[in-house]
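The values are calculated or read from the model by the stated rules, or taken from the named source; none is laboratory data. The model shown is predicted, which means the values in this text are computed figures rather than measured ones. A quick note on method: Cβ atoms are made from the backbone with ideal geometry, for glycine too, and the neighbour counts reach across all protein chains shown. The accessibility values were calculated without ligands, DNA or RNA, using every heavy atom of the protein model including side chains. Shrake-Rupley method; radii C 1.70, N 1.55, O 1.52, S 1.80 Å.
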Amino acid sequence: MTPPNLWQCLIAAQDFSRCDPTTSAAQQWWRSKDGQTCRGYAKNRPESEHFPWVALECVVELAGASHGQDAPFHYVVETDADDANLAELNEWYQQEHLPGLAAVPGTVRARRYLRTQGKPRFVACYDLVTPAAMEHPSWLAVRHTEWSSKIRPLFQNTFRTLYAQATPGPV
């Protein structure tokens, strides 16, 4: 089964109140825990929205150890790498990193996308039962493998953001 492609919208939190939840094309909105940004996802390209939507091509989707549970938190890592390092970065994500984090209790789903335009090119998304999953010994072990220590310095233009479910509209 082919993983689903999505359209993503990333907006400043102050613009979030302009989204009408009854007409928004996004199936899900997320607000960053620092309150600065909001992120929406849609299955089809929104035509009527006033915000920029960018296509994400799903590279891989994995069910997590807590598959089937509600996931009110969404952790996103966006990054680039030099073209010379892409093969190794992709191999690490496919073979070790994404499967390892998907296997952590509290992870509902792990996905990796390729942004079709703009930067950073790569977007990894982890749907979580609780942010505490990111402090679980298994999560920390995956982040601190020898391979991870070799790959992480290759990251460029990296953003890590924790989001919580949000509903657009006036607060």
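Can you list residue pairs whose Cβ atoms sit under 8 Å apart, with the first residue in segment 60-87 being on the phi > 0 side of the Ramachandran plot and the second being at pLDDT 95 or above and not in a loop (DSSP other than H, G, I, E, B)? Count only pairs 6 or more apart in sequence or on different chains. What qualifies is Gly68/Val108. For segment 130-149, residues that are more than 27 Å from Leu6 (Cβ to Cβ) and open to solvent by less than 40 Å² (accessible area, probe 1.4 Å) total 1.
The single condition among (1) in contact with a strand residue (DSSP E or B) (Cβ under 6 Å, 6 or more places away or on another chain); (2) open to solvent by 80 Å² or more (accessible area, probe 1.4 Å); (3) within 15 Å of Ala65 (Cα to Cα) that Asp127 does not meet is (2). With the structure loaded, tell me whether Thr145 is β-branched (Val, Ile, Thr) and within 23 Å of Ala63 (Cβ to Cβ) or whether it fails that test. Considered against the rule, which asks whether it is β-branched (Val, Ile, Thr) and within 23 Å of Ala63 (Cβ to Cβ), Thr145 comes out as yes. Within segment 93-116, restricting attention to residues that are open to solvent by 10 Å² or more (accessible area, probe 1.4 Å) and of a type in the set (A, V, I, L, M), which residue is nearest to Asp70 (Cα to Cα)? By that ranking, first place goes to Ala103. For segment 27-54, the set of residues classified as more than 21 Å from Asp127 (Cβ to Cβ) and modelled with pLDDT of 75 or more consists of Pro52 only.
Conditions tested, residue by residue: (1) farther than 13 Å from Arg115 by Cα; (2) not charged (D, E, K, R).
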| site | (1), (2) |
| --- | --- |
| Lys43 | yes, no |
| Glu57 | no, no |
| Gln69 | yes, yes |
| Phe73 | yes, yes |
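Hey, can you tell me all the residues within segment 150-163 that are open to solvent by 70 Å² or more (accessible area, probe 1.4 Å) and closer than 16 Å to Gln94 by Cα? Within segment 150-163, Lys150 is the sole residue that qualifies.
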